[in-house]
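Asks: I'd like to ask some things about the structure below.
The values are calculated or read from the model by the stated rules, or taken from the named source; none is laboratory data. Every value quoted in this text rests on a predicted model; they were computed, and no experiment measured them. Cβ coordinates were reconstructed from backbone atoms using ideal geometry, including for glycine residues, and neighbour counts include every protein chain displayed. Quick note on the areas: whole protein, heavy atoms, side chains included, nothing else; ligands and nucleic acids left out. Shrake-Rupley method; radii C 1.70, N 1.55, O 1.52, S 1.80 Å.
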Amino acid sequence: MDASSEHQEIILILDFGSQYAQLLAQRVRENQTYSEIIPCETTAEEIANRSPIGLILSGGPSSVYDPKAPKIDPNVYKLGVPILGVCYGMQLTCKEFGAMVEPAIRREYGPAELVVNASESVSPLFEGVSLKSQVWMSHGDQATRLPSDFTALASTSTCPNAAVACESARFYGIQFHPEVTHTVEGGKIIANFVSKICKSSRDWTMKNFVATAIEKIRAQVGKERVICGLSGGVDSAVAAALISRAVGSQLTCIFVDNGMMRKNEIESVAKVFRANFDVNLVIADAEDRFLTALAGVDDPQRKRKIIGKTFIDVFSEEAKKIDGARFLAQGTIYPDVIESGGKKGGQAATIKYHHNVGGLPDELEFELVEPLRELFKGDVRRVGLELGLPENLVWRHPFPGPGLAVRCLGSVTKETLDLLREADAIVVDEIVKANLYRETSQAFAVLLPTRSVGVMGDGRTYENAIAVRCVSTTDFMTADWSRLPYEVLAKISARIINEVKGVNRVVYDISSKPPATIEWE
Ligand code: XMP
C-alpha cells in the first residue's frame, strides 16, 4: 500500500547522507506528524504522489561544489510544498536559487550563539524562539551573497546567513542542526516548521496509530492464525500486544527459553501477557538443549552461531505444532528497514530477533506481519504504553539475542550462568533504585574467566570476578561509560560480593566505544 493513502499528512526528509536524518524524522514525529526518510534523488513526481505537507532537506557530508555532490530534482522546488533546508540542504537550495556558497574561513564545528534578526518581522520559523540561543554548527561551506528575494533571518559571529527564508518559494534554510539537543531551541524551530509553516493538524498520535494498525492487521490476517516469537525485548512485546489486540486468540506467542535469559525475564513477560492479553503463550523450555550444544565452546562467534541455529530449530519445531499458522509476526522497526536498505512495504528477508543468524527454514513459508515497520524505538515505546504494557517492559534496556552467553566469558555452564544471572539482577536492581535506569542505555554484569585472591573472615578465597558494564548511548554505534555515583557502585559491589556465592571481586568497566565494544564478547 502506498504510504500516502495511509497517512493523511506526511513530511518527507530527503536524505543527503546525513548522520542525523533519523533524528530529524524523530523530531518531526514528536510533533504528532508522520515523517519518513527518502533518498535525495527521489523525483519530484514520486514526491508529489505522496502529497507531503512539507519537505526537509537534510545535511550531508558533501560540498555543493563537488561535481559528485548529491543534488535533487529541481522540479521539487516547483511543487509549492514548504521546504526546510538544513545545513547542506540549505546550501544546495541557496545555490540553486542563485546565492553564493563559499567555504567558511574555517570549518565550524560545535556550539555557536545564534542571533535572530529582530529588525525583520519575526519569521514563523522563529516564533517564540529566544532572540539569542545556542545552536550546533557543523559545516565547511556557507551561503554568502543572497538573491534579492531571500531574507537573512539569523546570524552567528562567523556565519552571517545562519538562517534564511524565501517566502515566495516557501523555502526556509538553517545552517545549524536543529535536530540535535545542543541546539537549545531546535525543538521549537522544528515545531514551528511543522505546525506554523506546514500547517500540520498534528493528528499522528499513538492512539490513532494503534487504531489504524489494528485495522490493517485484521485486513491482512483475516481469520488465519499468527505466530510471534517473544524475546523479552520491547519490539517483539509491542508487536505481539498489537496483534493480540487485533486478532486475539488467533495469535500464539512462542518464547524460547534458551537458558541465557536474565533473572525472572520469562516469568515477568509471561505474567504481563497472560494478565493483559487474550493470547496463547508457549514457553519452549530448551535450556538443556542450548547448554548441551554450547558445552566446551569458548569462541564468541561460535557461541552466537550455535545459539542462533538452536533457536531456529526450537522455534521451527514449536511453530510446526501450531496447526495452520500462516503468518509470522515480527517486531521489525523503521531503523531496521532503513539499515537493511529495505523499501517500504518490502519484506525483511531475515528473522529479526536473531538477525545475526539467518532466517527460518523455507518449508515454513510464513507471510510476515510487521506492524512496527514505520516506527522508531521511541514510537514503539509510546505504542506499548498506549496498549497498556507496563513501564518496566516498555523501557527495558536492549538485550543481545545470545543473551548471557556473551556475558559469561569463555565456555558457559548452568552454574556460571546462574551465578551471572544473580549478579546481573543486583546491578539492574540498584540502578533502578538509584533512578538511573532511564539515564543509562545498558547496565549489566559480566562474568570474567578468571579468579582472583580475596580474604573473607579469616580465610583466603580464590573466586570469580564480576565486571559491571554500564553505558550511555543514543545509537549503540558509539557509547560512553556511565559516570555512576560512587555510592551506587559501592552498593552494587557490596551486594554482589555478599549475596552471590563464588564472587569475591567486582570491577567497573570504564572503557568507551570505540575502541571497546559494549559487550565483552
Ligand atoms: P557491541 O558489543 O557491538 O554492541 O558494542 C552493540 C549493541 O548490540 C548488542 N549486541 C547484540 N545483539 N545479537 C544481538 O541481538 C548479538 O549477537 C549482539 N552482540 C551485541 C549489544 O547488546 C549492544 O546493544
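Asks: In this structure, does Ile217 turn out to be in contact (Cβ under 8 Å) with a residue 24 or more places away in the chain, in contact with a strand residue (DSSP E or B) (Cβ under 7 Å, 6 or more places away or on another chain), among the β-branched types (Val, Ile, Thr) and not in a helix (DSSP H, G or I)?
Replies: It is false that Ile217 is in contact (Cβ under 8 Å) with a residue 24 or more places away in the chain, in contact with a strand residue (DSSP E or B) (Cβ under 7 Å, 6 or more places away or on another chain), among the β-branched types (Val, Ile, Thr) and not in a helix (DSSP H, G or I).
Asks: Please count how many residues of the range 267-287 are open to solvent by 20 Å² or more (accessible area, probe 1.4 Å) and outside any loop (DSSP other than H, G, I, E, B).
Replies: 13
Asks: Tell me, yes or no, whether the range 41-59 has at least one residue that is open to solvent by less than 10 Å² (accessible area, probe 1.4 Å) and in contact with a His (Cβ under 8 Å, 6 or more places away or on another chain).
Replies: Yes, there is a match, as at least one residue in the range 41-59 is open to solvent by less than 10 Å² (accessible area, probe 1.4 Å) and in contact with a His (Cβ under 8 Å, 6 or more places away or on another chain).
Asks: Condition first: open to solvent by less than 10 Å² (accessible area, probe 1.4 Å) and outside any loop (DSSP other than H, G, I, E, B). Now tell me which residues in the range 317-336 satisfy that.
Replies: Ala319, Phe327, Leu328, Ala329
Asks: Go through the range 294-312 and give me each residue that's part of a helix (DSSP H, G or I) and in contact with a Lys or Arg (Cβ under 8 Å, 6 or more places away or on another chain).
Replies: Leu294, Thr310
Asks: Is there any pair with a first residue in the range 109-136 that is over 20 Å from Ala191 (Cα atoms) and a second that is among the β-branched types (Val, Ile, Thr) and open to solvent by 20 Å² or more (accessible area, probe 1.4 Å) whose Cβ atoms are under 8 Å apart and which are 6 or more apart or on different chains, and what are they?
Replies: Every condition considered, the pairs that remain are Ala112/Thr158; Glu120/Thr151.
Asks: A further question follows. Name the residues in the range 397-425 that are in a helix (DSSP H, G or I) and open to solvent by 10 Å² or more (accessible area, probe 1.4 Å), would you?
Replies: Correct list: Lys414, Glu415, Thr416, Asp418, Leu419, Arg421, Glu422, Ala425.
Asks: How many residues are in a loop (DSSP other than H, G, I, E, B), open to solvent by 30 Å² or more (accessible area, probe 1.4 Å) and under 22 Å from Val269 (Cα atoms) if we restrict to the range 363-391?
Replies: 2
Asks: Sticking with this one: When you go through (1) closer than 17 Å to Tyr334 by Cβ; (2) open to solvent by 30 Å² or more (accessible area, probe 1.4 Å) one by one for Ser236, which number turns out not to apply?
Replies: (2)
Asks: Given the conditions (1) open to solvent by less than 30 Å² (accessible area, probe 1.4 Å); (2) outside any strand (DSSP E or B); (3) away from the ligand (no atom under 16 Å from the Cβ), report the number of the one that Ala490 does not fulfil.
Replies: (1)
Asks: Among the candidates Ala191, Ala219, Ala213, which residue alone is surrounded by fewer than 17 Cβ atoms within 10 Å (Cβ to Cβ) and among the hydrophobic types (A, V, I, L, M, F, W, C)?
Replies: Sole residue among the options that is surrounded by fewer than 17 Cβ atoms within 10 Å (Cβ to Cβ) and among the hydrophobic types (A, V, I, L, M, F, W, C): Ala219.
Asks: Using the structure shown, decide if Glu519 is within 11 Å of the ligand (Cβ to nearest atom) and on the phi < 0 side of the Ramachandran plot.
Replies: It is true that Glu519 is within 11 Å of the ligand (Cβ to nearest atom) and on the phi < 0 side of the Ramachandran plot.
Asks: If you scan the range 499-521, which residues turn out to be surrounded by fewer than 16 Cβ atoms within 10 Å (Cβ to Cβ) and under 21 Å from Ser411 (Cβ atoms)?
Replies: Matches in the range 499-521: Lys501, Thr517, Glu519.
Asks: Same structure again: Taking the range 367-412, which residues are among the polar types (S, T, N, Q) and within 15 Å of Leu448 (Cβ to Cβ)?
Replies: Within the range 367-412, just Ser411 meets the criteria.
Asks: Sticking with this structure for a sec: Looking at Tyr437, Tyr462, which one is among the aromatic types (Phe, Trp, Tyr) and surrounded by fewer than 16 Cβ atoms within 10 Å (Cβ to Cβ)?
Replies: Testing whether each residue is among the aromatic types (Phe, Trp, Tyr) and surrounded by fewer than 16 Cβ atoms within 10 Å (Cβ to Cβ) leaves just Tyr462.
Asks: State whether one or more residues within the range 469-488 are closer than 18 Å to Gly410 by Cβ and touching a Gly at 6+ places or on another chain (Cβ under 6 Å).
Replies: no
Conditions (1) within 16 Å of the ligand (Cβ to nearest atom); (2) open to solvent by 30 Å² or more (accessible area, probe 1.4 Å); (3) at negative phi, marked per residue:
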site: Val446; (1), (2), (3): yes, no, yes
site: Gly454; (1), (2), (3): no, no, yes
site: Ile466; (1), (2), (3): no, no, yes
site: Cys470; (1), (2), (3): yes, no, yes
site: Asp480; (1), (2), (3): yes, yes, yes
site: Pro485; (1), (2), (3): no, yes, yes
site: Ile497; (1), (2), (3): no, yes, yes
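Asks: Among the residues of the range 499-514, write down those that are within 11 Å of the ligand (Cβ to nearest atom) and part of a loop (DSSP other than H, G, I, E, B).
Replies: Hits for the range 499-514 are Ser511, Ser512, Pro514.
Asks: State all residues of the range 137-184 that are without any contact (Cβ under 8 Å) to a residue 40 or more places away in the chain and not in a loop (DSSP other than H, G, I, E, B); if no residue qualifies, say none.
Replies: Residues satisfying the conditions are Thr151, Ala152, Leu153, Glu167, Ser168.
Asks: Moving to a separate point now. With respect to Val394, is the statement that it is within 16 Å of the ligand (Cβ to nearest atom) and open to solvent by less than 10 Å² (accessible area, probe 1.4 Å) true?
Replies: Considered against the rule, which asks whether it is within 16 Å of the ligand (Cβ to nearest atom) and open to solvent by less than 10 Å² (accessible area, probe 1.4 Å), Val394 comes out as no.
Asks: Being at pLDDT 95 or above, farther than 30 Å from Val180 by Cα and among the aliphatic types (A, V, I, L, M) narrows it down to one of Ala423, Ala434, so name that one.
Replies: When all the criteria are applied, what remains is Ala423.
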